[in-house]
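Accompanying notes for the structure given below.
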Amino acid sequence: MIELKGVHKSFGNKQVLRGVDLTIRDGELLVILGRSGTGKSVLLKHIVGLMKPDKGSVIVEGEDVSHVHTAELYRIRRLIGFVFQNSALFDSMTVFENVALPLIERGGMSIDEVRQRVIDVLSLVEMEDAALLMPEELSGGMRKRVAIARALVAEPKYILYDEPTTGLDPIIADRINDLILALKRDVGVTSVVVTHDIHSALKIADRIVLLSDGRIAVEAPRDAVWDVQHEEFRQFLKVFRKLEDEC
Ligand SMILES: Nc1ncnc2c1ncn2[C@@H]1O[C@H](COP(=O)(O)OP(=O)(O)OP(=O)(O)O)[C@@H](O)[C@H]1O
Ligand SMILES: [Mg+2]
């Protein structure tokens, strides 16, 4: 379980997180919805200890991420796969090498075991034929899938996706949605998806929360979203309805 309790974060005099309280339950697929610049990426970075709260705590499996020693932080990070907003692949490494890197850093596996595991996760995201390509040879959707493979390779308990469908055409975006769903269903990984894509949110979420004004303003199970009265949340739903009507 991951818990954020009263998390505050400012940059200079800009208050981004102003008391975020959120529990991520084991096995769920939680979508964090929010407009651009509301602090969604900042929130995710707190979970992996890339940022520390000014106030409040971030607890992963009972450990406060902002107060643990470096060795413990690395242990906690190994439980979490992170798919960065820009995919963040290493340009000078092949797809295979990018995906193998977390296993090599962790150590404890033979070369053959690493090779097999990398091939397995690349197959999972249907990218096994691209193993020897360089990131610059990939389309945006392919890069996302490689980033997902890299996040998955060390068998994390949690996977955090930062805007996994942004910037992709709707058909590829939908394939990424299907992949996120399949990984949750078949691999059982607890999944947190940050997005402003309401289509994606409604398709994949078990539960949706809205980050607004630095706080979790709405929390609703997927089945109950249409009953939510919060104005900004309803604007997201309106966008969804409008596009559905146009189809
Ligand atoms: N390292 C940093 N230093 C200073 N300001 C930062 C830093 N990281 C984020 N911010 C600021 O915090 C705010 C929230 O940024 P964040 O990237 O979390 O937004 P977001 O919700 O992920 O937006 P988007 O949907 O566009 O990705 C922005 O105003 C951003 O400029
Ligand atoms: Mg972001």
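Listing for the model above:
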item	result
Any hit, segment 27-47, residues being modelled with pLDDT of 95 or more, more than 16 Å from ligand 1 (Cβ to nearest atom) and closer than 17 Å to Leu4 by Cβ	yes
Checking Thr166 against (1) of a type outside the set (Gly, Ala, Ser); (2) under 17 Å from Val31 (Cα atoms); (3) surrounded by fewer than 19 Cβ atoms within 10 Å (Cβ to Cβ); (4) away from ligand 1 (no atom under 16 Å from the Cβ), the condition it does not meet	(4)
Single condition Ser10 does not satisfy, out of (1) more than 20 Å from the chain's Cα centre (by Cα); (2) away from ligand 1 (no atom under 16 Å from the Cβ); (3) hydroxyl-bearing (Ser, Thr, Tyr)	(2)
Gly19 being away from ligand 1 (no atom under 14 Å from the Cβ), surrounded by fewer than 21 Cβ atoms within 10 Å (Cβ to Cβ) and assigned to a strand (DSSP E or B)	yes
Enumeration of residues in segment 124-176 that are under 14 Å from Asn86 (Cα atoms), of a type in the set (Asp, Glu) and in a helix (DSSP H, G or I)	Glu136
Some residue of segment 88-106 being within 16 Å of ligand 2 (Cβ to nearest atom) and closer than 18 Å to Ile180 by Cβ	yes
Candidate set: segment 29-56, residues that are assigned to a loop (DSSP other than H, G, I, E, B), more than 13 Å from ligand 2 (Cβ to nearest atom) and crowded, with 17+ Cβ neighbours inside 10 Å; chosen: the one farthest from the chain's Cα centre (by Cα)	Pro53
Close pairs (6 angstrom Cβ cut-off, 6 or more residues apart or separate chains): without any contact (Cβ under 8 Å) to a residue 60 or more places away in the chain in segment 152-172, within 16 Å of ligand 2 (Cβ to nearest atom) and part of a loop (DSSP other than H, G, I, E, B) anywhere	Thr165/Asp197
Residue list for segment 191-226, restricted to those being farther than 10 Å from Gly34 by Cα, within 16 Å of ligand 1 (Cβ to nearest atom) and part of a helix (DSSP H, G or I)	His199, Ser200, Ala201
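The values are calculated or read from the model by the stated rules, or taken from the named source; none is laboratory data. Every value quoted in this text rests on a predicted model; they were computed, and no experiment measured them. Neighbour counts are summed over all protein chains in view; Cβ atoms, including those assigned to glycine, are modelled from backbone coordinates with ideal geometry.
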